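The values are calculated or read from the model by the stated rules, or taken from the named source; none is laboratory data. Computed from a prediction, not measured in an experiment: that's the story for all the values here. Here the Cβ positions follow ideal geometry from the backbone for every residue, glycine too, while neighbour counts run over all protein chains shown.
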Amino acid sequence: MRQGAAMRDLGDDRRHESGTGDGGPLTAAEAAVLRGLLASLPLNGQRLKAERYVRGLLSVRGRKTLRSVAAQFDGASAQQSVHHFISASPWDWTPVRHDLARHAQRALAAQAWVIGTTLIPKTGPHSVGADPQQTPLGTVNGQCTVGAWLASERAAVPVDWQLRLSARWTADPLRSRASVPEDAAADTVETCVRRAVAGLAEIRGLPRLPVVVDVPEAGGMPLVRILAAAGRPFAVRVSPSLPVRIDRWELPTYGDLLRTAGDLAESLPHLRQQVNPGDGSTTVAAVPVVASPRRREPMTLLGEWCPERRAFPRLWLTGRDPSGVAAALRLTRLTAVVERDLVEVSDRVGVRDFGGRSFPGWHRHITLASVAHLMAVSARGHRGAVTRDRSPAQERDYRPVI
């Protein structure tokens, strides 16, 4: 996320001053799509409330809080029913997310799943899951989330969400106040990422898309093995400190001692090459590596240097894809599409705006906000692919530090 955008996210209503820009009435075709996305809700009254809630997320100016969205419903009792529908009604958000995934895949012709973290700043400690979060720009109070997005070169749509809970949120009295399920345990970001990856297999009717995981601190070998075992092409961003070994089947003159990924990429300049993945030439080292000398699981460590960046390269672990380095790099570019649409679309339909204390309420709100995101992307229509800004300012300043 660009620094200016990240700083705006810390304000209260500043990013919402102009409304969503998508608040016009839905066309008949769009209304039919919306009804289809909500068809899994078992009761007609639930479907009507959900549809009106999504319309509110698309049209209400300012922050899309429960109160502001409920205000479009006539009468105090109707407004109270909206609070109950989001925070306390027993409807399951998972089928809605699965229908959203299937429709988003058709609408976007998605090329991959992109999994990454999103920080939702909060002004106080009472919103469910809110805790002090460490970021590159200091400590920020807020919620740490992991999102699974379907992405193409033109647009991205969030489909599934995990909310990381610290130990204080999984113990009473906060657990009971927030209606956190009994079987929920304190999470790390890594366990949230693994849960997000596991959830992809539960969505029926989708092609087996590649998975891009842009969470360096959680991108260890266990996650890579999970993706490889599932038979999915993958690109997992890794920390420079991740230990790896050179694949001596490919480079027999090198030892098989453990080296850090950053050191390995830096120490083999003769493996660097110029590659153009479609957005300009970049310098890349493609190093054949294995996870263990006893289990040959061939992978490629990609280190990418940008001319403006003098620090460590961006590091990714991928499979040995016969389509080559350029194809793998094109997958990694989808993270920029997610970052753009998080700011340009998700924030404008209220993805970060739920301020309640209810854990189920958070999931229901963010599910319907994700539906609103798809509707807004569809209304936006076709637009050009994202051009990568190679300046350091593009890095996500408020990605949580794990």
Seminar exercise, completed: Here the qualifying pairs (Cβ atoms under 9 Å; residues six or more apart or on different chains; first in segment 266-282 and touching a residue at least 60 places away in the same chain (Cβ under 8 Å); second among the polar types (S, T, N, Q)) come out as Asp279/Thr387; Gly280/Thr387
Exercise. Which of (1) under 19 Å from Ala109 (Cα atoms); (2) surrounded by 14 or more Cβ atoms within 10 Å (Cβ to Cβ) does Arg208 not meet, given it meets every other one?
Worked result: (2)
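Confirm whether Glu190 is more than 11 Å from the chain's Cα centre (by Cα) and within 21 Å of Ala336 (Cα to Cα). Before you say what the answer is, go through the steps one by one.
On the way: more than 11 Å from the chain's Cα centre (by Cα): yes; within 21 Å of Ala336 (Cα to Cα): no.
Against the criterion (more than 11 Å from the chain's Cα centre (by Cα) and within 21 Å of Ala336 (Cα to Cα)), Glu190 does not qualify.
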Exercise. Restricting attention to segment 34-51, and to residues there that are more than 24 Å from the chain's Cα centre (by Cα) and assigned to a loop (DSSP other than H, G, I, E, B), which single residue is surrounded by the most Cβ atoms within 10 Å (Cβ to Cβ)?
Worked result: Leu41
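Quick check on this structure: which one of Ala379, Ala369 is in the same structural domain as Ser176 (by TED's automatic domain parsing), of a type outside the set (S, T, N, Q) and modelled with pLDDT under 95? Before the answer, list the steps.
Working: Ala369 fails: modelled with pLDDT under 95.
Testing whether each residue is in the same structural domain as Ser176 (by TED's automatic domain parsing), of a type outside the set (S, T, N, Q) and modelled with pLDDT under 95 leaves just Ala379.
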Exercise. Across segment 68-93, what is the number of residues that are farther than 16 Å from Gly356 by Cα and either modelled with pLDDT of 90 or more or not assigned by TED's automatic domain parsing to the domain that holds Ala178 (or both)?
Worked result: 4
Exercise. What is the number of the single condition among (1) touching a residue at least 40 places away in the same chain (Cβ under 8 Å); (2) more than 27 Å from His373 (Cβ to Cβ) that Asp172 does not meet?
Worked result: (1)
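Show me the strands (runs of 3 or more DSSP E) entirely contained within segment 265-336 in which 1 or more residues are under 18 Å from Gly255 (Cα atoms) and at pLDDT 90 or above. Step through it out loud before you land on a result.
Values: elements: 272-275, 282-290, 299-305, 314-319.
Ranges flagged: 282-290, 299-305.
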Problem set entry | Scan of segment 52-61 for residues that are surrounded by 15 or more Cβ atoms within 10 Å (Cβ to Cβ) and over 18 Å from Ala32 (Cβ atoms), ordered by number | Gly56, Leu57, Ser59, Val60
For this session: Among what's in segment 9-55 and is modelled with pLDDT under 50 and of a type in the set (S, T, N, Q), pick the residue that is nearest to Arg364 (Cα to Cα).
Result: Thr20
Exercise. Restricting the search to segment 64-81, which residues are buried (at least 17 other Cβ atoms within 10 Å of the Cβ) and part of a loop (DSSP other than H, G, I, E, B)?
Worked result: Lys64, Phe73
Exercise. Going through segment 83-109 one residue at a time, which ones are of a type in the set (Phe, Trp, Tyr) and either under 23 Å from the mean Cα position of the chain (by Cα) or assigned to a helix (DSSP H, G or I) (or both)?
Worked result: Phe85, Trp93
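Output yes when any residue across segment 341-360 is among the β-branched types (Val, Ile, Thr), surrounded by 24 or more Cβ atoms within 10 Å (Cβ to Cβ), under 15 Å from Thr118 (Cα atoms) and modelled with pLDDT of 95 or more, and no when none is.
Filtering segment 341-360 for residues among the β-branched types (Val, Ile, Thr) gives 343, 345, 349, 351.
Now drop any that are not surrounded by 24 or more Cβ atoms within 10 Å (Cβ to Cβ), which leaves 345, 349, 351.
Cutting the leftovers down to under 15 Å from Thr118 (Cα atoms) gives us 345, 351.
Add one more test, that the residue is modelled with pLDDT of 95 or more, and what stays is 345, 351.
Yes, there is a match, as at least one residue in segment 341-360 is among the β-branched types (Val, Ile, Thr), surrounded by 24 or more Cβ atoms within 10 Å (Cβ to Cβ), under 15 Å from Thr118 (Cα atoms) and modelled with pLDDT of 95 or more.
Would you point out which residue out of Val275, Val244, Val284 is within 27 Å of Leu334 (Cβ to Cβ) and in contact with an Asp or Glu (Cβ under 8 Å, 6 or more places away or on another chain)? Talk me through it step by step, then tell me what you get.
Values: Val275 fails: in contact with an Asp or Glu (Cβ under 8 Å, 6 or more places away or on another chain); Val244 fails: in contact with an Asp or Glu (Cβ under 8 Å, 6 or more places away or on another chain).
The unique qualifying residue is Val284.
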For this session: Could you give me the residue pairs with C-beta distances under 8 Å whose first residue belongs to segment 297-308 and is assigned by TED's automatic domain parsing to the domain that holds Ala285, whose second residue is acidic (Asp, Glu) and at pLDDT below 80 wherever it lies, and which are 6+ apart or on separate chains?
Result: Thr300/Asp321
Problem set entry | Test result for Ser166, in contact with a strand residue (DSSP E or B) (Cβ under 6 Å, 6 or more places away or on another chain) and not β-branched (Val, Ile, Thr) | yes
Exercise. For residues in segment 56-82 being small (Gly, Ala, Ser) and more than 26 Å from the chain's Cα centre (by Cα), which is nearest to Thr367 (Cα to Cα)?
Worked result: Ala70
